[in-house]
1. Please determine, by comparing only the residues of the range 145-163 that are hydrophobic (A, V, I, L, M, F, W, C) and more than 17 Å from the chain's Cα centre (by Cα), which one is modelled with the highest pLDDT.
2. Name the residues in the range 1-28 that are in a helix (DSSP H, G or I), among the polar types (S, T, N, Q) and in contact with a helix residue (DSSP H, G or I) (Cβ under 9 Å, 6 or more places away or on another chain), would you?
3. What number of residues within the range 39-65 are touching a helix residue (DSSP H, G or I) at 6+ places or on another chain (Cβ under 8 Å) and surrounded by fewer than 16 Cβ atoms within 10 Å (Cβ to Cβ)?
4. Only one of Leu76, Leu68 is modelled with pLDDT under 95 and out of contact with any helix residue (DSSP H, G or I) (no Cβ under 8 Å at 6 or more places or on another chain); which?
5. Among (1) more than 17 Å from the chain's Cα centre (by Cα); (2) free of Cβ contacts under 8 Å to residues at least 60 places away in the same chain; (3) within 17 Å of Thr129 (Cα to Cα); (4) crowded, with 18+ Cβ neighbours inside 10 Å, there is one condition Ile36 misses while meeting the rest; what is its number?
6. I want to confirm something. Restricting to the range 108-120 and keeping residues that are out of contact with any helix residue (DSSP H, G or I) (no Cβ under 6 Å at 6 or more places or on another chain) and in a strand (DSSP E or B), which single residue is modelled with the highest pLDDT?
7. Of the residues Leu105, Leu68, Leu96, Leu76, which is touching a strand residue (DSSP E or B) at 6+ places or on another chain (Cβ under 7 Å), surrounded by fewer than 16 Cβ atoms within 10 Å (Cβ to Cβ) and closer than 19 Å to Asp22 by Cα?
Amino acid sequence: MDIKGEYQIACDRQRVWQALNDADVLARCIPGCESIEMQSPTSLNARIMASIGPVKSKFDTHITLENLNPPAGYTLTGESKGGPAGFGRGSADVRLEEKDGGTLLVYDAKFQVGGKLAQIGSRLVLGATRKMADDFFGNFSRELDPAARRVDAAEIATARGQGLAARTWLLAGLVLAALLIWWFLIR
């Protein structure tokens with residue numbers, strides 16, 4: 001499962017970097033976080049209560065910070081164990097870019113689940129996992145800047161000059177036209 005997002009935060013990149021490495025800030029921002037403990041500057045353990053569909057469990061989570069590039073970003077890798085509920089593992093690349101007098105936080109996460117979690121359906125798990133990731137990064141961004149906002153896909157494409165939104169609409173229009181033609185032909 002790939003989950004991506006971006007948040008514009010009206011704080012300088014160094015302040016955002018420091019907050020990403022502050023256990024107290026993380027504990028306030030992680031949905032369902034019951035405890036968090038730094039084991040070293042690059043390793044932490046957390047206990048998180050999470051619900052995904054009908055599965056509700058406490059997950060013991062170990063997170064390692066890798067590919068450290070202060071204050072530009074890092075990679076979080078982690079594994080969560082929820083006993084009979086199953087497990088989750090994944091990684092998230094987090095980049096901090098200076099933009100518009102503040103910081104653009106960009107994340108690209110990949111997750112994998114097993115056990116009961118894998119049995120409840122990939123759409124449900126993907127939706128819940130995407131919500132949890134977005135809730136964390138949203139909480140984190142608003143912790144630093146109450147007016148922080150998620151940058152939507154159309155803004156990202158426009159800002160990067162990729163024209164992704166225009167190509168998506170063009171493709172959707174072509175598919176719709178093909179379906180309409182097909183429907184009229186079979187009538």
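The values are calculated or read from the model by the stated rules, or taken from the named source; none is laboratory data. Predicted, not measured: the structure shown is a model, and the values here were computed from it. Cβ: placed from backbone, ideal geometry, glycine included. Neighbour counts: every protein chain shown.
1. Selected residue: Ala147.
2. Gln18
3. Of the residues in that region, 3 qualify.
4. On the way: Leu68 fails: modelled with pLDDT under 95.
Residue meeting the stated conditions: Leu76.
5. Condition (3) is where Ile36 drops out.
6. Ranking the qualifying residues of the range 108-120, first place goes to Asp108.
7. The unique qualifying residue is Leu68.
A quick yes/no check of all residues on (1) in a strand (DSSP E or B); (2) in the same structural domain as Arg13 (by TED's automatic domain parsing); (3) under 14 Å from the mean Cα position of the chain (by Cα):
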| site | (1), (2), (3) |
| --- | --- |
| Thr61 | yes, yes, no |
| Leu65 | yes, yes, no |
| Pro71 | no, yes, no |
| Gly78 | yes, yes, yes |
